[in-house]
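Q: The structure is given below, and queries will be raised subsequently.
Please treat every number below as a calculation from the coordinates, not as lab data. This is a predicted model, so every value here is computed, not measured. For neighbour counting, all protein chains shown are included, and Cβ atoms are generated from backbone atoms with ideal geometry for every residue, glycine included.
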Amino acid sequence: VGDDVKSMLATLKADLASGAMSPCVWDADSNPACAGGGASAPALAPPEVTDISICTAPTYGGLPVFVAGDMGVFESFGFTSWEYVTCASGPANAAALVAGEVDFVANTPDNMLGLRESGFDVVMFGAAQNGHFFDILAATGQPVVEGDWEATMQALEGTNVGVVARGAAAEQLARELYEQAGVDPENSTYIATGLGGTTVAAMEGGEIDWAITFEPGMTMGVVNGIGTRPFSLVAGDGPTSLDWPSLVNTTSREFAAANPNTVAAYSAALEAASAWIMDEANTDAALGVMADHVGLVGSDMAADVHAANKDYFAVDSTLDADRLMNNVNYALGRGIISESMNFADFAVSSAGVPEKLVTALAAACPSPLVIQTDWFPESEHGALYEMIGAGYTIDADNMVVTGPGQIGGAPLGIDIEVRTGGPAIGWSPVASYMYTDDSIHIGYANTEAQAQLVDTPLISVMAPLEKNPQMIMWDPETYPDVTSIADLGAQGVTINVFAGGVFIEVWIAEGVVSADQVDPSYDGGPAVFIANDGAIAQQGFASAEPYQYENEFAEWGKPVQYELLHDTGFEVYSQTLGVRPADMEDMRACLELFVPVVQQSVVNFSSNPARANAIIVDAVDTFGSFWVYSMELGEYSVATMNELGLHGNGPDSTVGNMEESRIQGVIDKMVAAGMEVTTTNASDLFTNEFIDMSIGFTE
């Protein structure tokens, strides 16, 4: 590198090292200092891992990585060494990442989705190019229709097609172009021709008639008169099904969760390198980097390649959820994946929650943020475990799960600690226990209990469940005419419930059931119900017991029927997030950020519960107590919660907010039943002030 380039490099490094450049490139939308008028933004946090390995190929698309290494950008972002590992195709990229040979890989999003389909938990964290880097090159003399992609593809029916590797991204694109133009892709022959240089050679030798390839092959073919570009995917031509960023930066979820600052610094470095590449003043230096790393292209042709493509790199690598979901649909249609995937499950992004979330939580919230539940881990608590990332720990003695907070793969900057209730806290009510342990920040609450709390009040700030999962179940063979709890009351069927339940007292007062039907000896186990051979009804969770009695309790082994307590008009909010009133002001800044995280976590867990359910099952197994839980039960639980509306929005399009009229209705029923309450005003028991009204389930 010459002295002039070294001087330019020194200036660039000074800007990066000072923090004057990196935060605004990395976080321009949410960083107020980047909007003008503010002080310089602070530099990114130092990366946890400073020695990184990167999949590379001798293509123009990899130029930002080469610039970041050769021009000192990686060093300016805190990296001490970087290894380039040659990966000549998408499958080679994937294999290197899965094998743990590299930390970072740039790949097509559909290739990455295919990896996830195969069971590898890889994630994307930034766009390397916002358009396509693949494009079409047709052999000179091959009949095409300039500027008309559909007519061109129809003219190319039945020809030989060059692709990088058989079955990989380039071939899938070729087939999609054929199909969208109404042409059967099976009428053509696909030949693996490798990277740009070998593809152009195959075209010159008459082996292929056209190809899906990338730079420098495109420019090499055109400049040497070997091929033409009848339309341009890079420029945005082609069917709408191909409207997605074709190159994204990926890593394993484990690496991203353990090293969030490394991922952020790597992405910011590539953005800075891309901005540097686009600057005309840096053209000569960029051509020097190309000469060292981009294969099979001379200096004159390098200038043409660079001039035609330098503006396509991403200086804002923020992932576009809508366009990437278009790629999901593409991958599903092409058979790359067998079922749809959710953006939040494959992308490290704060999409769906306020932009201020990830950067501010660490300053606003305690770490760990401690949440006390009312029972053992179960899928009804899934939104809490959804927020726990890789590297979590399980304290079997105290029945506690702690891990780095995350949402959709994006680190929260704090740890989340979920504590077991029930026997783990001596069977104390959560509210009472919270007043004996100041280390608990949030605890489970429910409407009817809150209305009676005298010395241990709680205020609900969010309801992860829209409906209470509690139900009364019965044997449909014994009682074929019973379809509701009211029918059980009319037929005088004994109902086994936990002692002290508010709902049963309300039903007695309302005449739904009679007092002599109630057996308050229920202990949570199946023995009594089974021993009575279906003669009694019993309390339980609709999201658990029906599956257990049919599939896990061999002594029963058949279906039960049930009705939700909610559907009788007793519409409490169950397992809400409750805060001690005296803590509200101190917790306010945290709750403003954290409650929307829980809202999004409910949505994420509901649509893809496998990871959080695995944590739940792992925790229960590690605890080794009487409580058991299986993945199959977890799957049933989530499916049932979704089906019955336990997961869902309220009457609006928002998840987690609470209706005052519902809470007031419960209080009124309790008063009418002669029960003592600490307040007759619903507004004393809850607040929606921390709810983000934009977060909810898509109808």
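Q: Mind sorting ILE615, ILE337 by how few other Cβ atoms lie within 10 Å of their own Cβ, fewest first?
A: With the fewest neighbours first, ILE615, ILE337 line up as ILE337, ILE615.
Q: Please work out the Cα convex hull volume for the chain and give it in Å³ per residue.
A: Hull volume normalised by residue count: 172 Å³.
Q: Next up: Most exposed first by the Cβ proxy, i.e. fewest other Cβ within 10 Å, how do MET471, MET631 rank?
A: Listed from fewest to most nearby Cβ atoms, that is MET631, MET471.
Q: What's the local net charge at ASN496, with K and R +1, D and E -1, over the other residues with C-beta under 11 Å away?
A: In short, -2.
Q: Next up: Quick one: net charge of GLY158's neighbours, Cβ under 13 Å, K/R +1, D/E -1?
A: -4
Q: Let me ask you something else. Taking a virtual spin label 7 Å from the Cα of ASP438 along the C-beta vector, which residues in segment 579-597 bring their backbone nitrogen under 20 Å of it?
A: 579-591
Q: For ALA490 and ARG323 in one chain, what is 0.36 nm times their gap in residues minus the Cα-Cα distance, to one decimal in nm?
A: 54.5 nm
Q: Among DSSP beta bridges whose residues both lie in the chain, state the antiparallel percentage, nearest 5.
A: 60 percent
Q: Moving to a separate point now. Counting alpha carbon pairs within less than 8 Å and at least 6 residues apart, what relative contact order, in whole percent, applies to the chain?
A: It comes to 13 percent, rounded to a whole number.
Q: Okay, moving on. Positive end of the charge dipole of the chain (Lys, Arg +1 and Asp, Glu -1 on Cβ, about the Cα centre): tell me which of GLN450, ALA138, TYR636 has its Cα farthest that way.
A: It is ALA138, whose Cα lies furthest towards the positive end.
Q: By how many nm would the segment from SER653 to PHE697 lengthen if fully extended, with 0.36 nm per residue of separation less the alpha-carbon distance?
A: Length difference between fully extended and current span is 15.1 nm.
Q: Which aspartates and glutamates have a Cα less than 14 Å from the Cα of LYS558, not counting those fewer than 8 places away in the same chain?
A: ASP475, GLU477, ASP533, GLU545, GLU550
Q: For ASP397 and SER340 in the same chain, what is the full-extension length gain: residue separation times 0.36 nm, less their Cα-Cα distance, in nm?
A: 16.6 nm
Q: Any chance you could check the Cα centroid distance between segment 209-281 and segment 396-451 for me, in angstrom?
A: Segment 209-281 and segment 396-451 have Cα centres spaced 45 Å from each other.
Q: For SER118, SER241, SER379, which order do you get if you count the other beta carbons within 10 Å of each Cβ and list the fewest first?
A: In increasing order of surrounding Cβ atoms, one gets SER118, SER241, SER379.
Q: Per DSSP helix of 4 or more residues, -39500 (n - 2.57); summed, then divided by the residues of the chain. What does that give at 222 nm, rounded to the nearest 500?
A: Calculated mean residue ellipticity at 222 nm is -11000 deg cm²/dmol.
Q: Just to confirm a number: summing +1 for Lys and Arg and -1 for Asp and Glu over residues other than TYR573 whose beta-carbon lies under 10 angstrom from that of TYR573, what do you get?
A: Once positives and negatives cancel, what remains is -2.
Q: Quick test of the membrane-span-like rule: which DSSP H helices of the chain reach at least 24 Å along their long axis (C-alpha atoms) with mean Kyte hydropathy at least 1.6?
A: none
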